[in-house]
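J.: Have a look at this one before I ask anything.
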Amino acid sequence: MEKIVIKNGNIVTMAGFSHGPQKGEEFGKLGLIEDGAIVISDGVIEEVGPTKDIEIPNGAKVFDVKGRLVTPGLIDPHTHLAHFGSREKEYTWRIEGMPYIEILKNGGGILETVRQNRIASEGEIFNQSLENLSRMISFGVTTVESKSGYGLDWETELKQLKTNKRLEQETNIDVVSTFLGAHAIPTEFKEDPEEFVQKVIEMLPKAKEYATYCDVFCEEGVFTPDQSERILLEAKKLGYKVKLHADEIVATGGAQLAAKLGADSADHLLCVDDEGMNMMAEKEVVAVLLPGTSFNLMSDKYAPAQSMIEKQVPIALATDFNPGSCPTENPQLVMTLACLNLKLTPSQALAAFTINAAHSVGMGEKVGSIEEGKQGDVVVFDCPNVDYIPYRFGINHTHSVFKKGKLIWQ
Ligand code: NIG
Ligand code: FE
């Protein structure tokens, strides 16, 4: 049996929320153990408590973290990790004033990445994604959700879905794979979006082997709520769990649809209305908020996080890592943006990237907190306390990263 002990850490456990996400007044509850230790046995957390009370098992490998901050491994629950290429050209266009959705309408944006991915080989997509996943790990990420959606034809979607699978096999990171065949209307279906909706529905059974979730970009000018509902209902019949890109640029009723379908999350939500939030609260749909995207799109609009907290909507945070609207793998920077723009406290931002993020991808019983029986996914930060992470921004605070009890980055 392989045993490791991490001792003398200020441990944020986030314990007690395996049954459901933190929300309302509970949101940001750290479960702090000062000068604590964690015993991990064969990848699973066996014991957590004050260092002085923990007996170090014979033969255990001991890591003395000397008073540093120790947290659950970060979970990035909304990314477009599996892709090839980049779009720095559009960055300049956007600075010059061209709106993001306008670029998409002219065949750029998501469609430009689709073009690059259709040409790329599976190996090229994998290699670039692996490099980017390694960067995520260096920032403390131990579980990541990764969407397809830069193929919009079966051959290319498959390259992305296979990449998700290989990333998980070759890195030991949990990769929650999502089929996002309905990410945009490809140019060849511009005149007949309905036909493309049918194509996506036809891809669903084949994609099921590779994906746990099905997602749709429900947005004005992309997929209507009705089209989104039809795709997601088919997906549910096939055993997918569902989530939704909802109410990002215009309020189209995406949040209501997510609640109606029993989605695990609705993501973006900049324009969500009161009814949408109330319905999400009632059905415990996690709001995955992406302030890095508002920031990078130079929008002054951010999701109404404070109303969500008031209405008991659980909140998670994600990077939205993708080559267009948010090209960063750094959750620590996103925590800063969440504090400054959504007015989350640093503790809430950390809860949103750990226990609540775990629930938003259906992994709340396995990861997201440091408690007995959960996976030994742990990050040590070179920080005296939680507030320090978002406060001292733009740098990497990670000291070391453990995945299933193994040191994977230092
Ligand atoms: O979540 N909103 C749609 N999809 C992505 C953008 C992807 C891209 O620009 O390539 C998002 O922001
Ligand atoms: Fe997205």
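FYI, it's all coordinate maths here, none of it is from the lab. This structure is a prediction, so every number in the text was calculated from the model and none was measured. Using ideal geometry, Cβ is built from the backbone for each residue, glycine included, and neighbour counts are taken over all protein chains shown.
J.: Less than 15 Å Cβ to Cβ from residue 91, Lys/Arg counted +1 and Asp/Glu -1: what total charge do the surrounding residues give?
T.: Values: positive: 87, 89, 94; negative: 88, 90, 96, 102, 112.
Neighbourhood net charge equals -2.
J.: Then there is this: List the pair-distance distribution P(r) of the chain, using every Cα-Cα distance, as the percent of pairs falling in each 20 Å bin from 0 up to the bin containing the longest distance, rounded to whole percents.
T.: With a bin width of 20 Å, the distribution comes to 29, 58, 12, 0.
J.: Cut-off is 10 Å between beta-carbons; in what order do 68, 135 appear when sorted fewest neighbours first?
T.: On the way: 68 20, 135 15.
In increasing order of surrounding Cβ atoms, one gets 135, 68.
J.: Among DSSP beta bridges lying fully in the chain, give the percent that are antiparallel, nearest 5. Mind dumping the intermediate values first?
T.: Numbers: 25 of 58 bridges.
The antiparallel proportion sits near 45 percent.
J.: Using a Cα distance threshold of under 12 Å, what count of lysine pairs results for segment 1-155 when pairs must be 8 or more residues apart or interchain? Kindly include the intermediate steps, with their values, before the conclusion.
T.: Numbers: 3/61; 7/52; 7/61; 7/66.
Close lysine pairs found across segment 1-155: 4.
J.: Which FRET efficiency, nearest 0.05, do residue 86 and residue 226 yield, Cβ-Cβ r, R0 35 Å?
T.: Details: r = 34 Å, r/R0 = 0.97.
Once the sixth-power term is evaluated, E becomes 0.55.
J.: Still on this structure, please answer the following. Pop the C-beta distance of residue 365 and residue 105 into the FRET formula with R0 = 41 Å and round what comes out to the nearest 0.05. Don't skip to the end; give the middle numbers.
T.: Values: r = 42 Å, r/R0 = 1.03.
With R0 = 41 Å, the Cβ-Cβ based efficiency is 0.45.
J.: When the dipole is taken about the Cα centre of segment 234-323, and only Lys, Arg (+1) and Asp, Glu (-1) are charged at their Cβ, what size is it in debye, to the nearest 20? Could you put the intermediate results ahead of the total?
T.: On the way: 8 positive and 13 negative charges, 72 e Å.
Using only the charged Cβ atoms, the result is roughly 340 debye.
J.: Under a crude label model (7 Å from the Cα following the beta-carbon direction), how far is residue 237 from residue 284 in nanometres?
T.: 2.8
J.: Per DSSP H run of at least 4 residues, take -39500 (n - 2.57); add these up for the chain, divide by its residues and hand me the 222 nm value, nearest 500 deg cm²/dmol. Before the final figure, lay out each step's value.
T.: Working: 15 runs with 145 residues, N = 410.
Helix contribution divided over all residues of the chain: -10500 deg cm²/dmol.
J.: Arranged by the count of other C-beta atoms within 10 angstrom, fewest first, what order do 98, 298, 136, 14 take? It would help to have the intermediate numbers written out before the result.
T.: Working: 98 14, 298 11, 136 23, 14 27.
With the sparsest Cβ surroundings first, the list reads 298, 98, 136, 14.
J.: Of all beta bridges DSSP finds with both residues in segment 269-410, what is the antiparallel percent, to the nearest 5?
T.: Values: 7 of 10 bridges.
Counting DSSP beta bridges with both partners in segment 269-410, the antiparallel share is about 70 percent.
J.: On to the next question. At residue 124 and residue 191, where each label point lies 7 Å from the Cα along Cα→Cβ, what is the point-to-point distance in nanometres?
T.: In this crude label model, residue 124 to residue 191 measures out at 3.0 nm.
J.: Give the angle, between 0 and 90 degrees and rounded to the nearest 10, that separates the Cα long axis of helix 122-138 from the longest principal axis of the Cα atoms of the chain.
T.: Once rounded, the angle reads 40 degrees.
J.: Shifting gears a bit: So, in nm, how far is label residue 42 from label residue 345 when the simple model puts each one 7 Å beyond its Cα toward the Cβ?
T.: Going by the 7 Å Cα→Cβ label model, 4.0 nm.
J.: Just add up the charged neighbours of residue 340: K/R +1, D/E -1, any other residue whose Cβ is under 14 Å from the Cβ of residue 340.
T.: Net of charged neighbours comes to 0.
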